[in-house]
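Single-structure report; data block below.
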Amino acid sequence: MANASMFEDFYQVPDLKFDIQKLRGDLKDILEKKKFNTLGISHFGAIMMNQIPGDKSSTTGHNVRGVYWTKPDDTGKEVQRDQKIDEEKYCELVPEFRNTYFEEVYNKLKKKFKLGRVRILQKEPRSTLSWHKDPEPRLHIPIITNPGCSMVIENVAKHLPADGKVWITNNTKYHNFFNGGEQNRIHIVACMLEDRFNK
Ligand SMILES: [Fe+2]
């Protein structure tokens, strides 16, 4: 039986909703100008929405990914992957997003929450992530999704609909995301520098 506590690692922000049609329209324009950065990693794709002021290199290479922990094999031993990011320094909108609806969304989120990097993340059809945990919770705004997309935190799976609403998820616990559809899933994902889950 589902009960409210099962979903405590998935928090829907009340009284905050963005215009999903505007997001989809402006995403189309952005994707004509910018490509997803894959780092050559299968089923990973990211576009940075913010940067360290004046530093274009902060939007490239491993800056689009960041440190995480995973348990890669049957020993169950946890290992650290990728590199730590100076999240607090990310506070300037990437120029290509200026005068788009993404700028309005970014400014509104920044007013309400303490954020680090804000990215557009793509999940390809029939793909998952590694089983991993991140240094901090994440804020999600689904832009394009399908019924076969779910986030799994420990043993609870939840579909996050693309209806303009905003979710905060407890990525400090082990989690994954799968896209079981036949279309790319695209979310805005922000690193939360305030932690509502670990107090
Ligand atoms: Fe994650």
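What stretch of the chain, leaving out the sites themselves, is the longest with no GluC sites (Glu not before Pro) in a DSSP loop having at most 16 other Cβ atoms within 10 Å? No qualifying site falls inside 79-153, the longest such stretch.
Got a sec? How would 127, 42 order by Cβ neighbour count within 10 Å, fewest to most?
Working: 127 16, 42 7.
Least crowded to most crowded, the residues run 42, 127.
Under the simplified labelling scheme, the residue 83-residue 22 pair shows an inter-label distance of 3.7 nm, with each label point 7 Å from Cα along Cα→Cβ. Size of the chain: Rg and Dmax of its alpha carbons, in Å, are 16.1, 51.
With 0.36 nm allotted per residue and the present C-alpha distance subtracted, the residue 71-residue 114 stretch has 12.5 nm of extension available. Full extension of the chain segment joining residue 57 with residue 34 gains 6.8 nm, where the gain is 0.36 nm per residue of separation less the Cα-Cα distance. Applying 0.36 nm per residue to the separation of residue 173 and residue 98 and subtracting their alpha-carbon distance, the gain on full extension is 23.6 nm. Fewest neighbouring Cβ atoms within 10 Å first, the residues 129, 16, 115 line up as 16, 129, 115.
Values in this text are rule-based calculations from the coordinates and carry no lab data. On a predicted model such as this, the values are computed, not experimentally measured, just so you know. Glycine also receives a Cβ, built like all others from the backbone with ideal geometry; neighbour counts cover every protein chain displayed.
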